[in-house]
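Participant: Quick one: the structure is below, and I'll ask about it shortly.
The values are calculated or read from the model by the stated rules, or taken from the named source; none is laboratory data. No experiment lies behind these values; they were computed from the predicted model shown. Cβ placement follows ideal geometry from the backbone for every residue including glycine, while neighbour counts extend to all protein chains displayed.
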Number of protein chains: 4
Amino acid sequence: MTQIQIGSTLVYDVRQTTIFLLKIAATSTPHQVIANESLQLDPMVNVEQCQVGLEGNRLHRVVVEPCRLSISYQATADLTPELDQPHDVGETPAAEMPPEVLTYMNPSRYCESDALAKFAFDEFGQLNPGFSRVQAICDWVNHHLSYTPGSTTATTTASDVLTQRTGVCRDYAHLAITLCRGIGIPARYVSGYAVDLQPADYHGFMEAYLGGQWYLFDPTKLASTVGLVRIGVGRDAADVAFSTLTGNATLLEKNVWANAVDGGLPADQNPAVSTA
Amino acid sequence: MTQIQIGSTLVYDVRQTTIFLLKIAATSTPHQVIANESLQLDPMVNVEQCQVGLEGNRLHRVVVEPCRLSISYQATADLTPELDQPHDVGETPAAEMPPEVLTYMNPSRYCESDALAKFAFDEFGQLNPGFSRVQAICDWVNHHLSYTPGSTTATTTASDVLTQRTGVCRDYAHLAITLCRGIGIPARYVSGYAVDLQPADYHGFMEAYLGGQWYLFDPTKLASTVGLVRIGVGRDAADVAFSTLTGNATLLEKNVWANAVDGGLPADQNPAVSTA
Amino acid sequence: MTQIQIGSTLVYDVRQTTIFLLKIAATSTPHQVIANESLQLDPMVNVEQCQVGLEGNRLHRVVVEPCRLSISYQATADLTPELDQPHDVGETPAAEMPPEVLTYMNPSRYCESDALAKFAFDEFGQLNPGFSRVQAICDWVNHHLSYTPGSTTATTTASDVLTQRTGVCRDYAHLAITLCRGIGIPARYVSGYAVDLQPADYHGFMEAYLGGQWYLFDPTKLASTVGLVRIGVGRDAADVAFSTLTGNATLLEKNVWANAVDGGLPADQNPAVSTA
Amino acid sequence: MTQIQIGSTLVYDVRQTTIFLLKIAATSTPHQVIANESLQLDPMVNVEQCQVGLEGNRLHRVVVEPCRLSISYQATADLTPELDQPHDVGETPAAEMPPEVLTYMNPSRYCESDALAKFAFDEFGQLNPGFSRVQAICDWVNHHLSYTPGSTTATTTASDVLTQRTGVCRDYAHLAITLCRGIGIPARYVSGYAVDLQPADYHGFMEAYLGGQWYLFDPTKLASTVGLVRIGVGRDAADVAFSTLTGNATLLEKNVWANAVDGGLPADQNPAVSTA
């Protein structure tokens, strides 16, 4: 078991009544136990907690009057990922996928897998099926993109990234997801906290459905998959934006951290990691 | 109550083993009772029926060996829509929307409501809230687009449609959905059968979340909302394609019909129609 | 006659041998006499002056070794624009346009007049032909866009601007040019110096071919058309970028100014202004 | 010398007064002598011949009243291309390019070399400069695209092609041009007649500026560069559309042919071919 301390602080200048939908709290799963959790808003406002979507992503909804709003979240995550041997993990035939997985084959806002299907098939269609093929996709994405903060915006898509060849974590994940779907592998976006991420921020990574379960990948290779703490999953970043506002507010500060408590993460032997 | 006989026939040339995901069967809801239903495949193959997504869309999955495949669906739908007075139907504040509705505020593959938010707000942000505002959006879409079969493809988005100003039913629905989301009204895509649609085909329309429930709109104005028989709902057409193939098959024929059984549809007084 | 003093200073950090193509010098035309011109580079390097394209845009080409490079340009422009009555200026039939004008009917990098032709025709096709129709296009652009520095990039096109509804001077000009071409009016991009522009910068505006000659328009309405000093013309901003680099250099400073010498500009009675 | 007989017939249904701009006549150059030329319209109408642009492309302008219009063009082209050894042809440094060539470094409507510059540089920036590098780009384009009539439209760009991986001759040329410009090699579009092209049609190919002159390439590899008869050149297909209409007319028939007169083309030893 690995224990991670996570947290984030957001400060907003709220200029009129604004509804915040926050997706910053880690989720509990059989592989990820969340403890010592606190979410504090200053000034204090009523916080409604709900779960949304098939995957039960957590969502905190607050209505805030004009003020300088500070949002502080922290928790401890106990991770017990399932570690498998990559060569043991195959692909799941489309005829056998559970219905709820099929939706992650569909194209989505930032992952135009319909438009990029031929590209994906030409590049990766002939590789041996299985975990290694998704790894090859992530390697390709990592190799062909330059990690360049500021080079993309909130509306940048996988097609954009494929042509401009630059991006940040969310763009890497979107492109890898798109290429997986393009060759018939269900894939989805995961938002979370990553241990020792530089520069510190919320992280975006991905999962592919292989061998009957979801396996984690980080196409940026900036974080270890054994130290990723899940916030939520979705088709792409549109589903798990850390904050969605209706009203008028400006983000003034954002601090995000994730630290392994005892002696850091286990040395990564590059296992296949499943935590969903 | 209105009774509608619906059906469709699809013929495919299947050239190698192909997995079909079919979304052609009408769904049962409190406002739509499906009876006398049959789904026949020739040659006979094993059909797996499942439900997918939050909304429980029906899905038939079949694995087919090379052949000339004929798929015939028919059923009777008894419709008892809730009819309200448009001026009684207001908008639901974002702070009060049920969590499961919030997902229909997110941008999706063919509905880039993030990129078009300013456009939507500039054009429709100042109108009085409520049913009439969504109606104004649908009128705008209907007025500014030319219904032009063949002018769009499977990857055409709302942004494309907004600039090129042509499209078919799915494009009309995508643009109207996008503009609703852009001003903060949850909206979703509905696929279905439409009475006396010309040219006959599956139809694509939309629902907006108003006054605590989902109301139907057809931005093409080609069909009456009191004669729409629902197949499925989704964020956009990506979720409810009538057929998704993995393998190699070509559609040779498609026939779709929907007829009111006794004396046609009730004269449409343009009520607000809710059937979800 | 109006006399304008213009100038600009650019400072670059040049990190390896770099070729600069500079388009910052004002051009001489029958309506614009350039005097007292100087172009100084520090450190001194050999400057090659050439003319490019059909319109004879001036271009200064320099090859610079690693250094901190300062480029200073200044000149005096004596403007004697032709001022016409807008209601006297009609459109030129396509059958009578000079061949060299026809090229400005073609779509270009940032002006997708092919894709936006139906939009343009639907919005402006029914207006009375002539100067007033181009003015209506510029008014529409001005009314529907918000001038927002930083909202667009070097690859933003007219279609992008039309949907996102924000931009800067180059985006305003691109959209107005595109809409003119879309209804069959030749239009081109003009780069230049604008008197008292706030914030001070090179300016981008446009010309439409009407009544047998080119007339100036500024869709941003940030500058008077009687005080615009021309640098160059092109199909769009791709042709008249103030600086194009091959090598490795970063712009550190940019200062641009243009001042009317005696008592400012003549009071603008909104004449139709032609200077080409 | 190779002699080619070329020709094309276009039949239009003209429904209202329509202005045609035709770019179907072969151009005369020192390497391409045009003889026995005829352009016949039935019914007879007045034909205005003009030259447009820097390169002097030929243009025939006609104004046609409602009718069934037949346009027949034929000519004989005597080709004496300059044939060089590929390994003798290097790149021209940007500091030494003639000014009129620099414009072919700019991005254009269908060749977004600004957006694809990083892609081009990553893929081809490290190859040895010269003819072989442009050949490598053409080979890459040929290898990664599937020639698929109907897969693209009149507004498809190089970025679109790069992601969808299908296209026709014009798309192949656009992508190759874009990649050349992206690494600093001037490149332009050439329209023309190609001997024994299957399926018969006008052809689109490209030229790159190398070693002080323009060399021909056909990224589709469907035609020999020693049998290409030039109609016109431009930044991309926007400049050399075979027909541009203002009015209302529909193309009913198109026949295009090009045949080598005596014993076919010389066996192609893959020389570097320059004819501009």
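Participant: If A:Val195 meets every condition in (1) buried (at least 21 other Cβ atoms within 10 Å of the Cβ); (2) without any contact (Cβ under 8 Å) to a residue 60 or more places away in the chain apart from one, which number is that one?
Facilitator: (2)
Participant: Which ones in the range C:34-66 are away from chain D (no Cβ under 14 Å) and buried (at least 16 other Cβ atoms within 10 Å of the Cβ)?
Facilitator: If the condition is that a residue be away from chain D (no Cβ under 14 Å) and buried (at least 16 other Cβ atoms within 10 Å of the Cβ), then C:Ile34, C:Leu39, C:Leu41 are the ones that fit.
Participant: Right, next: Looking at D:Ala94, D:Ala77 in this structure, which one is more than 9 Å from every other protein chain (Cβ to nearest Cβ) and hydrophobic (A, V, I, L, M, F, W, C)? Steps first, answer last, please.
Facilitator: On the way: D:Ala94 fails: more than 9 Å from every other protein chain (Cβ to nearest Cβ).
Of the residues listed, the single one that is more than 9 Å from every other protein chain (Cβ to nearest Cβ) and hydrophobic (A, V, I, L, M, F, W, C) is D:Ala77.
Participant: Surrounded by fewer than 19 Cβ atoms within 10 Å (Cβ to Cβ), in contact (Cβ under 8 Å) with a residue 24 or more places away in the chain and within 18 Å of the chain's Cα centre (by Cα): does that describe A:Gly90? Write out each step before concluding.
Facilitator: Values: surrounded by fewer than 19 Cβ atoms within 10 Å (Cβ to Cβ): yes; in contact (Cβ under 8 Å) with a residue 24 or more places away in the chain: yes; within 18 Å of the chain's Cα centre (by Cα): no.
Against the criterion (surrounded by fewer than 19 Cβ atoms within 10 Å (Cβ to Cβ), in contact (Cβ under 8 Å) with a residue 24 or more places away in the chain and within 18 Å of the chain's Cα centre (by Cα)), A:Gly90 does not qualify.
Participant: Looking at the range D:12-60, which of its residues are closer than 19 Å to D:Trp257 by Cβ and among the small types (Gly, Ala, Ser)?
Facilitator: D:Ala25, D:Ala26, D:Ala35, D:Ser38
Participant: If you don't mind, another one. When the residues of the range A:166-188 are narrowed to those that are outside any helix (DSSP H, G or I) and under 20 Å from A:Ala117 (Cβ atoms), which ends up nearest to the other protein chains (Cβ to nearest Cβ)?
Facilitator: Ranking the candidates gives A:Gly184 first.
Participant: Given the conditions (1) within 30 Å of A:Ala267 (Cβ to Cβ); (2) modelled with pLDDT of 95 or more; (3) among the hydrophobic types (A, V, I, L, M, F, W, C), and given that A:Leu83 satisfies all but one, which numbered condition is not satisfied?
Facilitator: Unmet condition: (2).
Participant: Among what's in the range C:101-127 and is among the hydrophobic types (A, V, I, L, M, F, W, C) and surrounded by fewer than 18 Cβ atoms within 10 Å (Cβ to Cβ), pick the residue that is nearest to the other protein chains (Cβ to nearest Cβ).
Facilitator: Looking at residues that are among the hydrophobic types (A, V, I, L, M, F, W, C) and surrounded by fewer than 18 Cβ atoms within 10 Å (Cβ to Cβ), I get C:Phe121.
Okay, residues lined up against (1) surrounded by fewer than 24 Cβ atoms within 10 Å (Cβ to Cβ); (2) of a type outside the set (Phe, Trp, Tyr):
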| residue | (1), (2) |
| --- | --- |
| A:Ala187 | no, yes |
| A:Tyr215 | no, no |
| A:Asp236 | no, yes |
| A:Ala260 | yes, yes |
| A:Pro271 | yes, yes |
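Participant: Could you list, in sequence order, the residues of the range C:189-214 that are part of a strand (DSSP E or B) and in contact with a His (Cβ under 9 Å, 6 or more places away or on another chain)?
Facilitator: C:Tyr189, C:Val190, C:Ser191, C:Gly192, C:Tyr193, C:Ala194, C:Gly204, C:Met206, listed by residue number.
Participant: Please work out which one of (1) among the polar types (S, T, N, Q); (2) modelled with pLDDT of 95 or more; (3) out of contact with any strand residue (DSSP E or B) (no Cβ under 9 Å at 6 or more places or on another chain) is the condition D:Thr250 fails and give its number.
Facilitator: (3)
Participant: Right, B:Leu83: within 22 Å of B:Val229 (Cβ to Cβ), within 8 Å of another protein chain (Cβ to nearest Cβ) and among the aliphatic types (A, V, I, L, M) or not?
Facilitator: So B:Leu83 fails the test.
Participant: Here is a follow-up. Checking the condition part of a strand (DSSP E or B) and in contact (Cβ under 8 Å) with a residue 60 or more places away in the chain, which residue from B:Leu222, B:Leu265, B:Leu251 passes?
Facilitator: Testing whether each residue is part of a strand (DSSP E or B) and in contact (Cβ under 8 Å) with a residue 60 or more places away in the chain leaves just B:Leu251.
Participant: On to the next question. When you check D:Gly150 against the structure, is it crowded, with 23+ Cβ neighbours inside 10 Å and without any contact (Cβ under 8 Å) to a residue 40 or more places away in the chain, yes or no?
Facilitator: Answer is no for this residue.
Participant: Separate question: Taking the range D:244-267 on its own, how many of its residues are farther than 25 Å from D:Gln5 by Cα and away from chain C (no Cβ under 14 Å)?
Facilitator: Number satisfying all stated conditions: 1.
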